[in-house]
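The values are calculated or read from the model by the stated rules, or taken from the named source; none is laboratory data. Being a predicted model, the structure only gives us computed values, none of them experimental. Reconstructed Cβ throughout: ideal geometry from the backbone, glycine too, with neighbour counts over all protein chains shown. SASA here: full protein model, heavy atoms, side chains in, ligands and nucleic acids out. Shrake-Rupley method; radii C 1.70, N 1.55, O 1.52, S 1.80 Å.
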Amino acid sequence: MIDLKTVQYVADLARVRLSEKEAKTFTEQLAKILTYFESLKEINTDTIEPTSHVLPLKNVFRQDLLKKSLPQDEVLAIAPKKKGSFVKVLRVIETG
Amino acid sequence: MEPFRQTAHALIKLLEEKKTSTKEIHDALRERVAKVDPSIHAFISLDGDSETPSSISEGLLHGIPIAVKDNICVKGRLTTCCSKILAGFRPPYHATVIERLIGAGSFPLGRTNMDEFAFGSSTETSCYGITRNPWDKERIPGGSSGGSAAAVAADLAIWALGSDTGGSIRQPASLCGVVGLKPTYGRVSRYGLIAFASSLDQIGPVTKDVEDCALLLNVIAGHDERDSTSAERPLPDFRLSLKNDIRGLRIGVPKEYFAEGLDGEVETSVRQAIDTLKRLGGEIKEISLPHSRHVVAVYYLVATAEASSNLARFDGVQYGFRDEAGDLLSTYAQTRAKGFGTEAKRRIMLGTYALSSGYYDAYYLKAQKVRTLIKKDFDEAFTHCDCLIGPVSPTAAFRIGEKINDPLAMYLSDIYTIPVNLAGIPAMSIPCGFTKDALPIGLHLLARPFAEETLFRVAYTFEQNTEFHERKPDVK
């Protein structure tokens with residue numbers, strides 16, 4: 001069953017920093033929820049195809065037409081930080 | 001005449017007869033919201049007068065405004081999913097439904113409160129605080145579209161848009177005594193609806209009566225090339241199915257929906273509603289949906305898996321809230337730690353776990369397979385039924401704070417509504433009674449994919465022959 005170490009590992013995968021208290025509460029709550037989910041194991045699904053989507057859709061295409069994109073200034077206006085005509089982000093590549 | 005008490009179709013008639021004006025309606029609504037909403041908190045913001053250009057009043061809807069759930073993008077207006085992580089977010093485009101409403105002569109009145117990212121059944125997880133049920137202010141309005149349902153119930157809005165991923169339109173509609181419809185998956189474009197679970201989400205109407213529901217679906221439904229899952233299907237005029245006649249219609253009553261956990265008063269009202277439909281000529285038969293017991297498990301695996309993936313985009317880079325913390329990875333983790341509320345984090349955790357290496361087959365894949373079985377149960381039922389009927393929610397509105405610290409108890413309150421989203425079928429909640437404490441009870445109607453017309457016919461017939469929809473909460 002899910003333990004504190006797994007919860008912290010999953011939080012890392014999800015890029016969410018959890019406080020110690022949150023991690024502890026989530027461990028208890030997720031354990032309870034996952035125990036409830038155990039009932040699914042009773043069902044034999046060996047020959048059942050999974051459903052990811054209810055509509056019988058495949059490869060929806062549209063015309064490849066040139067269209068106006070959103071105005072740059074309107075899109076930049078909602079960025080938390082910007083410089084000139086760019087969104088400003090933290091450095092990704094370390095300098096040597 | 002108090003314009004805010006009217007339905008949209010009644011107002012359209014009054015406007016055409018020049019007995020009221022668009023301005024009179026706007027002013028009455030604003031005044032009503034200013035007076036009443038402080039004790040309800042259905043709205044988190046109102047749009048200014050600048051949003052009501054006179055040109056808009058020319059269309060079919062004559063400038064009758066609509067309340068909009070805070071997860072539907074309105075260009076230039078704060079749209080935040082009631083989450084701190086979208087603080088200050090003003091979308092650079094309209095959702096398709098908003099474009100269509102504006103095209104038809106409506107416009108957004110304001111944003112309604114909701115559970116953060118629609119994660120909840122009580123509207124208690126909003127970063128803006130709770131919404132109170134107009135029928136009893138110590139109780140929740142349901143969720144996640146609790147603000148939309150409370151606004152319509154308290155006559156703070158003529159009608160509203162909500163979104164429904166697992167019952168988020170129908171359950172609050174039921175708990176607030178109004179009409180709510182989750183259309184067939186693919187009936188309404190999801191473009192501009194901030195995604196929760198992409199295979200389950202649908203936008204739909206919250207209205208005071210069935211006719212308004214049909215009128216609103218007429219405006220918002222239809223294919224949209226910007227949503228590749230929106231269906232290319234002929235679009236009927238849904239008002240034509242508003243017929244007071246259900247003779248010969250085969251109505252199935254799933255026995256699993258009347259099992260343990262259903263409140264006695266809710267059961268009594270729903271059984272009386274079934275008797276009413278029988279008296280009106282419906283052919284009632286008991287049926288079985290054998291996999292009903294597993295719907296909560298399947299839903300909370302599928303929905304949280306999809307949500308954890310959809311919410312990965314909120315990283316503080318291009319829009320919304322950012323909290324910088326040294327390097328890039330720490331900035332992501334800190335931004336998300338401070339930006340998301342507890343329930344959002346819990347669902348991201350559950351979904352990430354279900355999708356993670358080593359657990360994918362046991363949880364996510366297993367849930368998708370059982371989803372197939374749940375859908376097959378409905379396919380089988382609809383080979384010999386035109387419509388299914390049951391309760392919307394196992395209880396009437398519960399007390400504020402009652403379930404907020406027990407996530408599993410909260411999840412279980414969605415047991416009747418979530419199979420509908422898993423199967424992609426349309427379903428509706430209409431008022432069918434009250435508890436002895438005067439809390440509304442809703443009747444759940446389910447139909448085949450793209451058979452909203454059947455829902456309208458049954459709902460309209462029931463409404464024409466009962467008076468539950470006429471009772472209003474006493475809010476001052």
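Could we say that residue B:163 is open to solvent by 10 Å² or more (accessible area, probe 1.4 Å), in contact (Cβ under 8 Å) with a residue 12 or more places away in the chain and either out of contact with any Lys or Arg (no Cβ under 6 Å at 6 or more places or on another chain) or part of a strand (DSSP E or B) (or both) here? Taking the combined requirement at face value, the residue does not satisfy it. Taking the listed residues B:463, B:470, the one that is surrounded by fewer than 24 Cβ atoms within 10 Å (Cβ to Cβ) and touching a His at 6+ places or on another chain (Cβ under 8 Å) is B:463, with no other qualifying. Close contacts from the range B:216-243, counting a first residue that is of a type in the set (Asp, Glu) and a second that is surrounded by 19 or more Cβ atoms within 10 Å (Cβ to Cβ), with Cβ to Cβ under 6 Å and a gap of 6+ residues or different chains, come to B:224/B:96; B:224/B:189; B:224/B:191; B:224/B:230; B:227/B:189; B:227/B:190; B:227/B:191.
Of all residues in the range B:279-319, which are under 21 Å from residue B:338 (Cα atoms), open to solvent by 40 Å² or more (accessible area, probe 1.4 Å) and of a type in the set (Gly, Ala, Ser)? Selection gives B:309, B:312. At least 1 residues being open to solvent by 10 Å² or more (accessible area, probe 1.4 Å) and touching a helix residue (DSSP H, G or I) at 6+ places or on another chain (Cβ under 7 Å) is the threshold, and among the strands (runs of 3 or more DSSP E) wholly inside the range B:6-121 those reaching it are B:43-46. Would the range B:320-342 turn up any residue that is over 24 Å from residue A:43 (Cβ atoms), under 21 Å from the mean Cα position of the chain (by Cα) and crowded, with 22+ Cβ neighbours inside 10 Å? Scanning the range B:320-342, I find no residue that is over 24 Å from residue A:43 (Cβ atoms), under 21 Å from the mean Cα position of the chain (by Cα) and crowded, with 22+ Cβ neighbours inside 10 Å, so the answer is no. Just one of the listed residues (B:403, B:436) is touching a residue at least 60 places away in the same chain (Cβ under 8 Å), more than 14 Å from chain A (Cβ to nearest Cβ) and either open to solvent by less than 40 Å² (accessible area, probe 1.4 Å) or outside any helix (DSSP H, G or I) (or both), namely B:436.
Residue-by-condition table, conditions (1) charged (D, E, K, R); (2) in contact with a strand residue (DSSP E or B) (Cβ under 8 Å, 6 or more places away or on another chain); (3) within 25 Å of residue B:451 (Cα to Cα):
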position	(1), (2), (3)
B:127	no, no, no
B:195	no, no, yes
B:206	no, yes, yes
B:209	yes, yes, yes
B:214	no, no, yes
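Taken together, A:49, A:94, A:42 contain a single residue that is at the interface with chain B (Cβ under 7 Å from one of its Cβ atoms), more than 30 Å from residue B:87 (Cα to Cα) and open to solvent by 70 Å² or more (accessible area, probe 1.4 Å), which is A:49. List every residue pair whose Cβ atoms sit under 7 Å apart, with the two residues 6 or more apart in sequence or on different chains, where the first one lies in the range A:12-28 and is closer than 17 Å to residue B:308 by Cβ and the second, anywhere, is of a type in the set (Gly, Ala, Ser) and in a loop (DSSP other than H, G, I, E, B). From the range A:12-28, the pairs are A:13/B:356. Residues that are in contact with a strand residue (DSSP E or B) (Cβ under 6 Å, 6 or more places away or on another chain) and part of a loop (DSSP other than H, G, I, E, B) were ranked within the range B:355-395; the one that is most open to solvent (accessible area, probe 1.4 Å) is B:386. The residues of the range B:244-272 that are closer than 22 Å to residue B:283 by Cβ and without any contact (Cβ under 8 Å) to a residue 24 or more places away in the chain amount to a single one, B:271. Residues in the range B:331-354 that are assigned to a helix (DSSP H, G or I), more than 16 Å from residue A:38 (Cα to Cα) and within 8 Å of chain A (Cβ to nearest Cβ): B:331, B:332, B:333, B:334, B:336, B:337, B:342, B:345, B:346, B:348, B:349, B:352. Restricted to the range B:20-61, and to residues there that are closer than 21 Å to residue B:10 by Cα and at pLDDT below 90, the residue that is farthest from the chain's Cα centre (by Cα) is B:54. Summed over the range A:62-91, residues that are open to solvent by less than 100 Å² (accessible area, probe 1.4 Å), closer than 26 Å to residue B:225 by Cα and facing chain B (nearest Cβ under 8 Å) total 5.
Residues in the range B:131-160 that are open to solvent by 10 Å² or more (accessible area, probe 1.4 Å) and in a loop (DSSP other than H, G, I, E, B): B:132, B:135, B:137, B:138. Looking at (1) in contact with a Pro (Cβ under 7 Å, 6 or more places away or on another chain); (2) modelled with pLDDT of 95 or more, which is the one condition that is false for residue B:413? Against the list (1) in contact with a Pro (Cβ under 7 Å, 6 or more places away or on another chain); (2) modelled with pLDDT of 95 or more, residue B:413 comes up short only on (2).
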